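Below: the structure, in structure tokens.
Coordinate-derived values only; no laboratory data. Every value quoted in this text rests on a predicted model; they were computed, and no experiment measured them. Here the Cβ is made from the backbone with ideal geometry for all residues, glycine too, and neighbour counts use every protein chain on show.
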Amino acid sequence: MDLVVAEGLRISGLSYLLIFVVLGIFYGLIKLLLRMFPPKDDSE
Amino acid sequence: MTELLRGIVGMGDWRVWAMFGVGLALIWLAVKKEYEPNLLLPMGFGCLLANIPFSSAVGGGFLDVLFKGGITNELFPILIFVGVGAMIDFGPLLQDPEMLFFGAAAQFGIFFTMMLALLVGRIPGVAGIPGLREAAAIGIIGAADGPTSIYVATRFAPGLLAPITVAAYSYMSLVPIIQPPVIRALTTREERMIHMENPGHEVSRTVKVIFPIAVTLIAGIIAPMSVALIGSLMFGNLLRESGVTERLSKTAQNELTSLVTILLGITIGSSMGGKQFLNPTTLLIIAMGLIAFVFDTAGGVLFAKLINLFRKRKINPMIGACGISAFPMSARVIQKMAQQEDGGNFIIMHAVGANVAGQIASIIAGGLILALVR
């Protein structure tokens, strides 16, 4: 396989995977924030 | 006398007429069809200004000054993001954080198109896509996010900036036409009729204030190249959610966004010179932009169907298609489709959640591509 195409495939796969990882971290962050500051906080 | 005649003589070039046609077509799409009028109208007029033979607007004129001062240094897309951030309510996403993963899944079109561009560029005789950087700049059309496309294209393929921007904004405006057939092809009527429970209570203001700060810090530490993009988006959002800078938030949403949109549009239009724009690569980019949007939609829908295999409470797979960044157009399209199948089906909150997740995901995708592609 062409080296540039192989590099493109590697970067594409890695980037797509990393998007899930980063958004997975944000998912954990939101869950944590919701637990720390539940909706009743609004009344303050 | 010669000075007066050279403009008329310059009209002998067929490319001038062709680009007048392109400029007028953009203005027609904006005025008559109302496709992204705020951007396509200034772009169309900028295209006319740039293609008038010996135009004083380019070649050192005010449009060149704007290009150097706002596009080359990426200032305009960044300022637009401040405005976009101030307009976005992350509430539906914070109520239903699972939607984040649909934002991730629907970035598939970026990478599919990037690989396709790379492969097409390897075909003998196909010029204009020499390497990974150009392919990445074309693929990022699939971010369905104008400022991110401009930002990445400016860095990786400034020569392709005009067709990439035209493709990105044109297809964003065509989301109501592009997405429904792809969704119908990949889902059954029963799947499109799936009801989803209301996401739940409104989240607290504290969460809404902490979220943009935390996301900026986390994304910035993981991918420092994304700080300008995600940072400006989240700064705008913080202005909105802090509750103490209402005047700044309103300014970012209205005056700042309007002003920069005018300058951005007319400046991008001015980069559509006939010599640079009229070539086979432009047609290739326009075609690949469509492919990117189709595969974004397919990626999101198929991801939702995959998840449904493991879930008791099924997700309406159309929600996956909202993971693209075209906000709020995509969410509206999906809600409309849901109601066409079942008048009592309201999935708008989930759709908006996935749609704003797509905003974040597309910026992360842009940042990762900038960091990884050399």
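For the protein assembly as shown, compute Rh as the Kirkwood radius over C-alpha pairs and then the Stokes-Einstein diffusion coefficient at 10 °C and 1.306 mPa s; write the answer in µm²/s, rounded to an integer.
Here the translational diffusion coefficient equals 73 µm²/s.
Taking the Cα centre of the protein assembly as shown as the origin, how large is its charge dipole in debye, to the nearest 20, when only Lys and Arg (+1) and Asp and Glu (-1) carry charge on their Cβ atoms?
460 debye
Taking the alpha carbon gyration tensor of segment B:53-167, what are the square roots of 5 times its eigenvalues, largest first, to the nearest whole Å?
Value: 29, 24, 8 Å, ordered largest first.
Set the Förster radius R0 to 25 Å, insert the Cβ-Cβ distance between B:Glu202 and B:Lys314 as r into 1/(1 + (r/R0)^6), and round the FRET efficiency to 0.05.
In this case the efficiency is close to 0.50.
Relative to a virtual label point 7 Å from the Cα of B:His195 in the Cα→beta-carbon direction, which members of segment B:329-368 show backbone nitrogen distances below 13 Å?
Inside the label zone: B:342-347.
In degrees between 0 and 90, to the nearest 10, how far off the longest principal axis of chain B does helix B:108-121 point, with axes built from Cα atoms?
Helix B:108-121 and the main axis of chain B meet at about 40 degrees.
Counting pairs of alpha carbon atoms under 8 Å apart in space and at least six apart in sequence, what relative contact order in percent does segment B:23-91 give?
19 percent
Among all stretches of chain B without exposed GluC sites (Glu not before Pro) (DSSP loop, at most 15 other Cβ atoms within 10 Å), which one is longest?
Here the longest segment lacking exposed loop sites spans B:203-374.
Add +1 for every Lys or Arg and -1 for every Asp or Glu among the other residues with Cβ under 14 Å from the Cβ of A:Tyr27, and state the total.
Here the count lands on 0.
With angles folded into 0 to 90 degrees, how steeply does helix B:14-31 sit against the dominant principal axis of chain B? Use alpha carbons for both and round to 10.
The two axes meet at around 30 degrees.
Below 8 Å, C-alpha to C-alpha, sequence gap of six or more: please give me the relative contact order for segment B:209-258 in percent.
Relative contact order here is 31 percent.
Using helices alone, what [θ] at 222 nm do you get for chain B, with -39,500 (n - 2.57) per DSSP H run of 4 or more residues, divided over all residues and rounded to the nearest 500?
That calculation yields -21500 deg cm²/dmol at 222 nm.
DSSP loop chymotrypsin sites (Phe, Trp or Tyr not before Pro) in segment B:279-374 with at most 14 other Cβ atoms within 10 Å of their Cβ, which ones?
B:Phe310
Can you tally the net charge around B:Arg313? Count Lys and Arg as +1, Asp and Glu as -1, for every other residue whose Cβ sits under 13 Å from the Cβ of B:Arg313.
Every neighbour counted, the sum reads 0.
Which value, in Å to one decimal place, does the Kirkwood hydrodynamic radius take for segment B:77-372 when every pair of different Cα atoms is included?
Its Kirkwood hydrodynamic radius stands at 19.3 Å.
Note down the nm distance, to one decimal, between modelled labels 7 Å out along Cα→Cβ at B:Ala371 and at B:Val227.
Reported label-point gap for B:Ala371 and B:Val227 is 1.2 nm.
From the alpha carbon gyration tensor of segment B:1-76, can you work out the equivalent ellipsoid semi-axes (sqrt of 5 times each eigenvalue) and give them in Å, largest to smallest?
Listed largest to smallest, the semi-axes of segment B:1-76 are 24, 19, 8 Å.
Could you work out the relative contact order of chain B, using alpha carbon pairs under 8 angstrom and six or more residues apart, expressed as a whole percent?
31 percent
Which ³J(HN,Hα) values, rounded to whole Hz and listed in residue order, are derived for segment B:359-373 from phi using the Karplus coefficients 6.51, -1.76 and 1.60 in 6.51 cos²θ - 1.76 cosθ + 1.60 with θ = phi - 60°, glycine and proline given as x?
4, 5, 4, 5, 5, 4, 4, x, x, 5, 4, 4, 7, 8, 7
Within the set of other residues whose C-beta is less than 10 Å from the C-beta of B:Met172, count the net charge using Lys and Arg as +1 and Asp and Glu as -1.
That sum, taken over residues with Cβ under 10 Å, equals -2.
Residue separation times 0.36 nm, minus the C-alpha to C-alpha distance between B:Met87 and B:Leu283: what's the value?
Value of the extension gain: 67.2 nm.
Which FRET efficiency value, to the nearest 0.05, do you get for B:Leu5 and B:Lys32 by plugging their Cβ-Cβ distance into 1/(1 + (r/R0)^6) with R0 = 45 Å?
The value I calculate is 0.80.
Which angle from 0 to 90°, rounded to the nearest 10, does the C-alpha axis of helix B:146-156 make with the longest principal axis of chain B?
With both axes taken from Cα atoms, the answer is about 60 degrees.
State, in angstrom, two size descriptors of segment B:114-231 derived from its alpha carbons: Rg to one decimal place and Dmax to the nearest whole number.
Calculated on Cα positions, Rg and Dmax stand at 19.2, 58 Å.
How large is ³J(HN,Hα), in whole Hz, for each residue of segment B:246-262 in order, when computed from phi with the Karplus curve 6.51 cos²θ - 1.76 cosθ + 1.60 and θ = phi - 60°, using x for Gly and Pro?
4, 5, 5, 4, 5, 5, 4, 5, 9, 4, 4, 4, 5, 4, 5, 5, 4
Convert each backbone phi in segment B:63-70 into a coupling constant with the Karplus relation 6.51 cos²θ - 1.76 cosθ + 1.60 (shift: θ = phi - 60°), then list the ³J(HN,Hα) values in order as whole Hz, x for Gly and Pro.
Values per residue, Gly and Pro as x: 6, 5, 4, 5, 4, 5, x, x Hz.
Suppose R0 equals 30 Å. What FRET efficiency, 1/(1 + (r/R0)^6) with r the Cβ-Cβ distance, do B:Val16 and B:Val65 give to the nearest 0.05?
0.85
Percent of Cα-Cα pairs per 10 Å bin, from 0 to the last occupied bin, for segment B:239-374, please list those.
In whole percents, the pair-distance histogram is 10, 24, 33, 24, 8, 1.
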